[in-house]
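Working notes for the structure below.
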There are 2 protein chains.
Amino acid sequence: MDRTRPDVIAAAIEQLIFDGTFCDGDRMDEVQLADRFLVSRTPIREALNRLAHSGLVEHVPRRGVFVRQPGPVELMEMFEVMAELEAICARYAASRMTDAALADLREANQRCTKAAQANDPDAYYGHNEAFHQLIYAASCNGFLEGEARKLQRRLQPFRRLQLSLRGRMAQSLSEHDAVLDALSRGDAAEAGRALHSHVAIQGEKFHHLKAILSDKRPPRSGTDPQRG
Amino acid sequence: MDRTRPDVIAAAIEQLIFDGTFCDGDRMDEVQLADRFLVSRTPIREALNRLAHSGLVEHVPRRGVFVRQPGPVELMEMFEVMAELEAICARYAASRMTDAALADLREANQRCTKAAQANDPDAYYGHNEAFHQLIYAASCNGFLEGEARKLQRRLQPFRRLQLSLRGRMAQSLSEHDAVLDALSRGDAAEAGRALHSHVAIQGEKFHHLKAILSDKRPPRSGTDPQRG
DNA sequence: GTCAAACAGATTGTATGCAATTTGGTCGGG
DNA sequence: CCCGACCAAATTGCATACAATCTGTTTGAC
């Protein structure tokens, strides 16, 4: 994949937001970012435009761009939609996916199992992400797959956080099994229900966790060694 | 709403694509567009970036941006997702919408009825769009509403086209009534089914029409009075 | 003393110039 | 005659300079 420079800058800025370098409501100064990344304002502006489109920042004409972390309400809304989108994917996948795709999904789930046994949340998160993406692809609807991946990416830091809850990995795994079973049987309705519940639980767990922490700071995304 | 200059340029370029000035696969020359709109390349590039995000054009690094009309397969995929999205909105609306919102929806549908009686497809299209948007809003999920509106906008020219089929407006109206009935009764499942079928039929009708025309040219969007 | 208007500083938006890369063609070799 | 490498024209991407607008302060009048 040919990543253009504004793309990598956008990813880096995204990390800065996740890292807490920029907090909700902060103005992203163009010259300051240009200075930080050793480029001119032009690619910075392009990167900010993309982030604005992705919803991470808000662009106010003649005022600048501001970090815009979703509030509790919007976050709940997004998880609600994510659950529905994944349910759609599961329903379509149940009747459309090939045996090979099912086998791939089983493999991905086994990798999740191993990560859970090793008590490695980072590895689990990665394999879990792949598991879900395989279901998106198995829907045999490229547009749906793309939308699901976009929202998954946007919810990434929040979905990740809830894995730190004790016993969550094991619970998540058993939910995966339910989805896998329904898909194996070609039971679209049940697959949809199972995956919807799986994702909805993630949203609830995140809210639970946030209530426990009772901390307004944005969540940290964890590892990302791309900047030295 | 404060429309910035790249926004109006993006809308104008969109029209150029819908008008057939630019066809599928054409390269959008930056200097040519800059010359046409009497601005420099910078706002043109911003406008093209937004269109690329919206999916109307494709940006190939170091090559340029190309018009990218969705093919039959992708269009079918998008209608499939649109139907699912609207079904979700309807299900949520059935249990969440207020009496006032239901009254507004009834009014919108009455305007559709009047337009159909007057045999005015343009008016019908406008009121129909408002009808659907009211359901998005009635879902009480702002994020879902936004996503639905984005996809609706993208499918706009294709949804519009099928209204030219004889008897389609009357059929569409009766489908609206079914949705309205289910929503009045608070029957989420039935409301979802009815709206899903309504939108899916639109997709099918469009394909039908396209097969009749057997014309590869992109559809014309017709009127769009948003720009004075 | 308070409010309003003007001014200064800062910041975004736009224009233009330059560098890097791609493409099409042409020339040379096999 | 065909294939590969080099070259030039064109085009995108980036950097910088300038213009327009916004914000906060100050100054003046009431």
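The values are calculated or read from the model by the stated rules, or taken from the named source; none is laboratory data. Just so you know, these numbers come straight off a predicted model, no measurement behind them. Reconstructed Cβ throughout: ideal geometry from the backbone, glycine too, with neighbour counts over all protein chains shown. To get the accessible areas, we keep the full protein, side chains included, count just its heavy atoms, and leave off ligands, DNA and RNA. Shrake-Rupley method; radii C 1.70, N 1.55, O 1.52, S 1.80 Å.
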Scan the stretch B:137-157 residue by residue and report those that are under 25 Å from B:Ala10 (Cα atoms) and either among the polar types (S, T, N, Q) or touching a Lys or Arg at 6+ places or on another chain (Cβ under 9 Å) (or both).
B:Gln152, B:Gln156, B:Pro157
Considering every residue within the stretch B:22-38, establish whether at least one is under 19 Å from B:Pro157 (Cα atoms), outside the structural domain of B:Gln162 (by TED's automatic domain parsing) and assigned to a helix (DSSP H, G or I).
no
Could you figure out which of (1) within 16 Å of DNA strand C (Cβ to nearest atom); (2) at the interface with another protein chain (Cβ under 9 Å from one of its Cβ atoms); (3) open to solvent by 60 Å² or more (accessible area, probe 1.4 Å) isn't true of A:Ser40?
(2)
Looking only at the stretch A:119-140, filter to residues that are within 14 Å of another protein chain (Cβ to nearest Cβ) and open to solvent by 40 Å² or more (accessible area, probe 1.4 Å); which one of those is farthest from A:Ala188 (Cα to Cα)?
A:Ala137
Restricting attention to the stretch B:141-168, the residues that are open to solvent by less than 40 Å² (accessible area, probe 1.4 Å) and modelled with pLDDT under 90 number exactly 9
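Is it the case that B:Ile17 is within 14 Å of DNA strand C (Cβ to nearest atom), over 30 Å from B:Asp187 (Cα atoms) and surrounded by 16 or more Cβ atoms within 10 Å (Cβ to Cβ)? Walk me through how you get there before you give the answer.
Values: within 14 Å of DNA strand C (Cβ to nearest atom): no; over 30 Å from B:Asp187 (Cα atoms): yes; surrounded by 16 or more Cβ atoms within 10 Å (Cβ to Cβ): yes.
No.
Among the candidates A:Ala34, A:Ala11, single out the residue that is surrounded by fewer than 21 Cβ atoms within 10 Å (Cβ to Cβ), within 16 Å of DNA strand D (Cβ to nearest atom) and within 17 Å of the chain's Cα centre (by Cα).
On the way: A:Ala34 fails: within 17 Å of the chain's Cα centre (by Cα).
Criteria check complete, one pass: A:Ala11.
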Return the pair list, or none, for Cβ contacts closer than 7 Å from residues in the stretch B:59-72 that are more than 9 Å from chain A (Cβ to nearest Cβ) and open to solvent by 40 Å² or more (accessible area, probe 1.4 Å) to residues that are in a strand (DSSP E or B) and within 9 Å of DNA strand C (Cβ to nearest atom), at least 6 apart or on different chains.
B:Phe66/B:Val60
